[in-house]
Amino acid sequence: MRRSLRHPAFLFLQRGLARLRWILVLTLLAVAAALLLPPLVARLNHDHSPQTLAAEKDLQAIAAGLERYRQDNGRYPSGAQGLLALVIKPTRPPVPGNWQIGGYVDRLPRDPWGNSYQYGADDEGSRYELYSFGAAGPDGGADGEQVISLH
């Protein structure tokens, strides 16, 4: 080995650069973890919270009632009729001709945060949107990340 490569100052500098590389790598990993972990943990907690699961179960029950309504009447309730059309026969047009006595759901539940479930349908009654505002409530808006929806 050449004498210059065994010089104590050169070896000290080489070890210092190796340590600096490790410090940089660890710093980059720490920054990446600090930026990526909080949103990931929040999303996992939101998706698996008991309130979210209860809201999804309610939405599925309401969606099943909407499907039975459509099978009987050829369309979903209008936006003006709303979800109440699953419990009480609508008097607003289009009035359903084959509305099932007793309704399509036992009752209209409120979401786990105490708000009403939201419903909207297109003019033809061929598609609908069903959602809950989630923990953010109505102030969070219909397109917030807390929204739990079907269709």
| message | Taking R0 as 25 Å, what FRET efficiency do you get between Val147 and Asp106 from their Cβ-Cβ distance, rounded to the nearest 0.05? | response | 0.50
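Could you compute the FRET efficiency for Gln60 and Arg15, with r as their C-beta to C-beta distance and R0 at 41 Å, rounded to 0.05? Could you put the intermediate results ahead of the total?
On the way: r = 62 Å, r/R0 = 1.51.
The formula returns an efficiency of 0.10 here.
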| message | With θ taken as phi - 60° and the coefficients 6.51, -1.76 and 1.60, list the Karplus ³J(HN,Hα) couplings across region 75-85 in order, rounded to whole Hz; mark glycine and proline as x. | response | 6, 7, x, 5, x, 5, 6, x, 5, 4, 5
| query | Between Arg75 and Val25, what is the label-to-label distance in nm when each label sits 7 Å out along the Cα-to-Cβ direction? | reply | 6.6
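Where a number appears in this text, it was derived from the coordinates with a stated rule and is not lab data. Small disclaimer: the values here were computed from a predicted structure and weren't measured. With ideal geometry, Cβ positions are generated from the backbone for all residues, glycine too; neighbour counts draw on all protein chains shown.
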